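Heads up, the thing below is written out as structure tokens.
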């Protein structure tokens, strides 16, 4: 019983850690925006166009650190066997990539040291380090399940190795294109993984495994309906944002100021709401029954 309680506490800490990191990111952004507004002269830009652009400001350490911590927590948390667990792992990997590959360097945004060091060299170092560490971790994860690689049960290993190979190949073969596109592709795929995770939760009708287990907060049916609304809302926001972006690009018009910032902030806030609700729901049980093989 004590061992089970210790496991539940670990998952509580991981879940609360993710929420606290998102809060830290918004706090850092608010402080920087306030400072820039106070220091701005007439006509000066004091609110950057995207959260990602704050990589080139004093927010950099928090922005990168939050994405790395959230990525690690997503990988560490055990999802439902099969789809959700793989989605959480992919989301964690994509969060790492989003953290270490910033948006393309813009001279008008980059204002000085120490935030405007040579980005290509930093990306080469950081991505290389992640690929080496990821290779070692994948070997450790694959060896006990090596026989699954020739069976249907090994699809998740093949998929994970394919993602690793795709990132390594793009980084090594097309380094300039990687710098231009890796952040955007990773961020979009990250949000798609989180949307899919919310949808999986909306479809699970057997969160608990017995009458002795209970969930906090809402009823199971209401949780499922809420998660469905969250997944649909996040997907709608992302789809509309991408449509507007490519639409404006097609006609040669610039996007409205701060539109990307608003979209990123909205998606992060909706995700935070989902994660808070899920943390409350799983407070007593740690993991849903299907994640425990029940």
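Residues in segment 38-47 include none that are within 16 Å of the chain's Cα centre (by Cα) and either under 22 Å from residue 198 (Cβ atoms) or in a helix (DSSP H, G or I) (or both). The requirement of being buried (at least 19 other Cβ atoms within 10 Å of the Cβ), assigned to a loop (DSSP other than H, G, I, E, B) and either touching a helix residue (DSSP H, G or I) at 6+ places or on another chain (Cβ under 9 Å) or at pLDDT below 95 (or both) is fulfilled nowhere in segment 211-228; no residue meets it. If you check 291, 231, 206 for being crowded, with 20+ Cβ neighbours inside 10 Å and modelled with pLDDT under 85, only one passes: 291. More than 16 Å from residue 96 (Cβ to Cβ), in a helix (DSSP H, G or I) and in contact with a helix residue (DSSP H, G or I) (Cβ under 8 Å, 6 or more places away or on another chain): does that describe residue 177? Criteria met by residue 177. Picking from residues in segment 5-32 that are without any contact (Cβ under 8 Å) to a residue 40 or more places away in the chain and over 23 Å from the mean Cα position of the chain (by Cα), the one that is nearest to residue 212 (Cα to Cα) is 5.
Against the condition within 30 Å of residue 63 (Cβ to Cβ) and modelled with pLDDT under 85, how does residue 255 come out, does it pass?
Details: within 30 Å of residue 63 (Cβ to Cβ): yes; modelled with pLDDT under 85: yes.
Against the criterion (within 30 Å of residue 63 (Cβ to Cβ) and modelled with pLDDT under 85), residue 255 qualifies.
Each residue in segment 139-171 was checked for being touching a residue at least 12 places away in the same chain (Cβ under 8 Å) and over 22 Å from the mean Cα position of the chain (by Cα), and 2 pass. Residues that are in contact (Cβ under 8 Å) with a residue 40 or more places away in the chain, surrounded by 14 or more Cβ atoms within 10 Å (Cβ to Cβ) and not in a helix (DSSP H, G or I): does segment 238-245 have at least one? There is no residue in segment 238-245 that is in contact (Cβ under 8 Å) with a residue 40 or more places away in the chain, surrounded by 14 or more Cβ atoms within 10 Å (Cβ to Cβ) and not in a helix (DSSP H, G or I). Considering (1) out of contact with any helix residue (DSSP H, G or I) (no Cβ under 6 Å at 6 or more places or on another chain); (2) more than 22 Å from residue 272 (Cβ to Cβ); (3) assigned to a helix (DSSP H, G or I); (4) without any contact (Cβ under 8 Å) to a residue 24 or more places away in the chain, the lone condition that residue 205 does not fulfil carries the number (3). Could you please let me know if residue 200 is assigned to a helix (DSSP H, G or I) and more than 27 Å from residue 71 (Cα to Cα)? Against the criterion (assigned to a helix (DSSP H, G or I) and more than 27 Å from residue 71 (Cα to Cα)), residue 200 does not qualify. Yes or no: residue 271 within 23 Å of residue 54 (Cβ to Cβ), over 21 Å from the mean Cα position of the chain (by Cα) and not in a loop (DSSP other than H, G, I, E, B)? No, not satisfied. Restricting attention to segment 118-127 and to residues that are closer than 18 Å to residue 68 by Cβ and either touching a strand residue (DSSP E or B) at 6+ places or on another chain (Cβ under 8 Å) or free of Cβ contacts under 8 Å to residues at least 24 places away in the same chain (or both), the residue that is surrounded by the fewest Cβ atoms within 10 Å (Cβ to Cβ) turns out to be 125. From the list 63, 67, 94, 87, the one residue that fits, being closer than 21 Å to residue 286 by Cα, in contact with a helix residue (DSSP H, G or I) (Cβ under 7 Å, 6 or more places away or on another chain), at pLDDT 90 or above and crowded, with 18+ Cβ neighbours inside 10 Å, is 87.
The values are calculated or read from the model by the stated rules, or taken from the named source; none is laboratory data. Note that the structure is a prediction, hence the values are computed from the model and not measured. Neighbour counts run over all protein chains shown; Cβ positions are idealised from the backbone, glycine included.
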